[in-house]
1. Give the lysines reachable from LYS43 as a straight Cα distance under 19 Å; neighbours fewer than 8 places away on the same chain don't count.
2. What is the sum of charges around ALA25, taking Lys and Arg as +1, Asp and Glu as -1, for the other residues whose C-beta is under 14 Å from the C-beta of ALA25?
3. Within straight cross-link reach of LYS165, meaning Cα distance under 16 Å, which aspartates and glutamates are found once same-chain residues fewer than 8 apart are removed?
4. Using a simple spin-label model with points 7 Å from Cα along the Cα→Cβ vector, what separation in nm is obtained for ALA163 and LEU93?
5. Please find the FRET efficiency linking THR23 to ARG153, where r is the Cβ-Cβ separation and R0 is fixed at 45 Å, and quote it to the nearest 0.05.
6. Which pairs in the list LYS20/LYS176; LYS157/LYS178; LYS20/LYS179; LYS157/LYS188; LYS20/LYS47 are over 21 Å apart, alpha-carbon to alpha-carbon?
7. May I ask you to evaluate 6.51 cos²θ - 1.76 cosθ + 1.60, the Karplus curve with θ = phi - 60°, for each residue of the stretch 12-23 and list the ³J(HN,Hα) values in order in whole Hz, giving x for glycine and proline?
8. Take the Cα of ARG15, step 7 Å along the line toward its Cβ, and report every residue of the stretch 34-71 whose backbone nitrogen sits under 14 Å from that point.
Amino acid sequence: MVNPLIDEIFYLLLRQSTWKVHTLASALGETNYLKQLDEDPQKDLFKRNFLIMNGLYQLQAQLAPTQRLEIASLHIELIDTYPTDRPEKDDPLRAYYLDWQNYDTSRDAIDALLDQFWQRFSTHNRFCLTQVSAEQLYPIIQHWQLPADYSYRELQKRWRQLALKYHPDRQGSATKFKKIRQEYEQLKANCSH
């Protein structure tokens, strides 16, 4: 089945070659190509995402071998030249999103998929964390001005304040930002949610 969004996705990629799934969804929503698909908000979000990903994978196949369409949730990019020396990566999501039977997934299946995603996300740390003792964390907790028995919510709030202060895009220090990001990961790993 041909996805009705393919042409509109292609037009958007021609105007801007790099996107994220959520920004692409927003742009499609603004053009009224992506309306409400289900009464249940979770299923509606799933179906919107499914249509976008299905359209991207179908477009990827249509563009090859003259152009390459890189597809990842945080990076979608249309590349004008197709590198012939680059091996094709096996993408398990391609098979999932090209199977139209997955479009009308049950609420329980969507919840299970989201649980799997969040489990993978929570176990994947962007920084290599070392085991730290309470004594080693104490100076960081003090520096962050957190109570000794800080909650996850308190930690998140303080992280956002410090990130805004030290982010390089806001005239902060890249070195300091990286350090507080690592501290945040350490504090988060040792926090009872």
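1. Hits, sequence-local ones excluded: LYS35.
2. Values: positive: LYS20, LYS35, LYS47, ARG48; negative: GLU8, GLU30, ASP44.
Value of the local net charge: +1.
3. Qualifying aspartates and glutamates at Cα under 16 Å: GLU183.
4. Between ALA163 and LEU93, the simple spin-label model gives 2.0 nm.
5. Numbers: r = 28 Å, r/R0 = 0.62.
Approximately 0.95, to the nearest 0.05.
6. Working: LYS20/LYS176 28 Å; LYS157/LYS178 18 Å; LYS20/LYS179 27 Å; LYS157/LYS188 12 Å; LYS20/LYS47 17 Å.
The pairs that break the limit, which is 21 Å between Cα atoms, are LYS20/LYS176; LYS20/LYS179.
7. In residue order, the calculated couplings are 5, 5, 5, 6, 8, 7, 10, 9, 10, 4, 5, 6 Hz.
8. 34
No value in this document is a laboratory result; all are computed from the given coordinates. Source: prediction; values computed, not measured. Heads up, the Cβs are rebuilt from the backbone with ideal geometry, glycines too, and the neighbour counts pull from every protein chain shown.
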